[in-house]
Every structure is written in structure tokens, then in C-alpha cells.
Amino acid sequence: MQKLLKGTVFLIISLLYAIQLNAEDAPPELGIYENLDQYIPDDLVFTNENYETINLKEAIDKPTVIALVYYECPGICSPLLEGVADVITRAKVDLGSEYQVFTISFDPDEKPKLAKDKKANYAKLVKNKDVQNGWTWFTGDSANVNNLLNSLGYKVKKEGQEFIHPAALIVLSPEGKITRYLHGTYFLPFDLKMAIIEASQGKSGPTINKVLKYCFSYDPEGKKYVINITKISGSIIIFLAIFMFLGLAFSKKSRNRKSFKSN
């Protein structure tokens, strides 16, 4: 039985290793390169939805969650922002007083009017939180956008009128230090709360969940991220096969024990 268990463990480890290899399908100029414990530059200037020019570093006086999107994105930006609205509502932490959220467009062609309209739409999804003061929406010119993206390790690529980009939230300390990356478009309230607590203490935390890199692969022909159904379904099938194999093995061993006792 020990050999069986060792063999099963080996299969699972091999599968996880293969999945990790497949997770690196995006070309090197795309994706997220985590810059934990690094600080954003002091001279980043953006315009908020109220047409006010803001120094980003100076505006970060509490734990700050950054959501990088472009407002006219036809893809994962909408699920990401819906996920942000959802976790703001459900998290046991006060928006505006204990932390704030910055949604920043990395498309320099987008203007404050669009940011204002998008904020109005997504603010409706948040319940019983100070969205007006706690969730700010920004636009900026190409120089400031590029400096911010480079400091955060967030790599995008423009194709025509659209951008190829990952989905994640980036958490900063009150001093502007990068302390956590939360990947994906759905976020657990507990994960957000812990990230905010750690950021308030200036502590950085390693990223455990990198589902986005696995569920979305880069299609070099279409030059876009696509949901990789083959990998997901294949992994599920393999896991099910392993558990069925273990179930049959334990069942057979149990029957053999009963047969031996009856004899």
C-alpha cells in the first residue's frame, strides 16, 4: 500500500509541475512580474474622475488597492471590476477609513469623463460602503502610465484598439510599498482583509493563488488571452482518475480484510 501511495503522490506532483510549466505560455513582455517590497515613484501624476490632478504617492496615506484596467476593455476588465465591487461590499474592513481603492486606466487615450461614468456604474454594485471617498478612478498620460506599470511589474501590450493584459489587484502600504498581488477577477473577503492588515504594517506576503496564469493562455495567432479549456478539463480528468484509482484501491483492500477475517 505504501508503494501505491508513493506512486499516487508522484503522479500528483508531476501533474502540478506540468500545470506550472503550461502556466508560462504568455510571451515575456506580458504578464505580472511581482516587485514586492519596492516603492512606486514619487512623481506619478494622474487625474481623478473629478478632473483633479493628483500626485499618486502623496494620495496614498493608507493601505491602497490598485486595480489596473482600461475602461473600454471588452474582456476581463468588467469581471475584475465586478469582483472589486463585490469584495468591497463583503469584506469586514471599512472603505475610505481603513483602506482605499484606486482604479487606474493604462490607456492614455481615456479621459476623466469616461472614468467618472465608469465609477457611477460600478458604485451602484457596492452596498453600505463609502464609495465616493474610498474608490477613486484615474486616467493619465503615457509617461505616467508607463512609469506606474513598470514600477508595479505589470506588463501590457496594445493590439489595434485593444490591450492584452492580465487581471490582478496590487496592494500598497501607506508609504507606497508594494506588499501583495491578488491575481484573478474574484477575490475572497478574508484575503483582502489580510492583505490590508499586512499592508498597514508594511509587511509583504507571497502570492499563493495565480489562477489567471493558468486559466488564461496567450494565443500567439490571435494575439490575445483565451480561456484554456483543454488544460482545465484535462487537469480535472486526471485528478478524477487519480481519486477513482485511490478509491478502488482502498475498496479492494477493505474487501480483502473482510474476507480474511471471515475465513
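Side notes on the structure shown:
- Residue match in the range 146-163 (condition: in a helix (DSSP H, G or I), among the polar types (S, T, N, Q) and under 14 Å from A85 (Cα atoms)): no
- Of the criteria (1) within 22 Å of the chain's Cα centre (by Cα); (2) modelled with pLDDT of 55 or more; (3) surrounded by 15 or more Cβ atoms within 10 Å (Cβ to Cβ); (4) more than 25 Å from F163 (Cα to Cα), which one G31 fails: (4)
- Tally, over the range 123-145, of residues that are assigned to a helix (DSSP H, G or I) and touching a Phe, Trp or Tyr at 6+ places or on another chain (Cβ under 8 Å): 4
- Per the listing K129, K92, K62, the residue uniquely surrounded by fewer than 21 Cβ atoms within 10 Å (Cβ to Cβ), within 25 Å of P41 (Cα to Cα), modelled with pLDDT of 95 or more and in contact with a helix residue (DSSP H, G or I) (Cβ under 9 Å, 6 or more places away or on another chain) is K62.
- G83 vs. criteria under 30 Å from I164 (Cβ atoms), in the same structural domain as G176 (by TED's automatic domain parsing) and modelled with pLDDT under 90: no
- For beta carbons closer than 6 Å, sequence separation of 6+ or different chains, a first residue in the range 56-68 that is not assigned by TED's automatic domain parsing to the domain that holds N147 and a second that is of a type in the set (K, R) and assigned to a loop (DSSP other than H, G, I, E, B), there are no qualifying pairs.
- Taken over the range 195-216, residues that are at pLDDT below 95 and either at positive phi or touching a Gly at 6+ places or on another chain (Cβ under 9 Å) (or both) amount to 6.
- Sole residue being in contact (Cβ under 8 Å) with a residue 12 or more places away in the chain and under 28 Å from G202 (Cβ atoms), chosen from K119, K127, K92, K111: K92
The values are calculated or read from the model by the stated rules, or taken from the named source; none is laboratory data. Predicted model only: the values in this text are computed from it and were never measured. In this analysis, Cβ positions are derived from the backbone assuming ideal geometry, glycine residues included, and neighbour counts consider all displayed protein chains.
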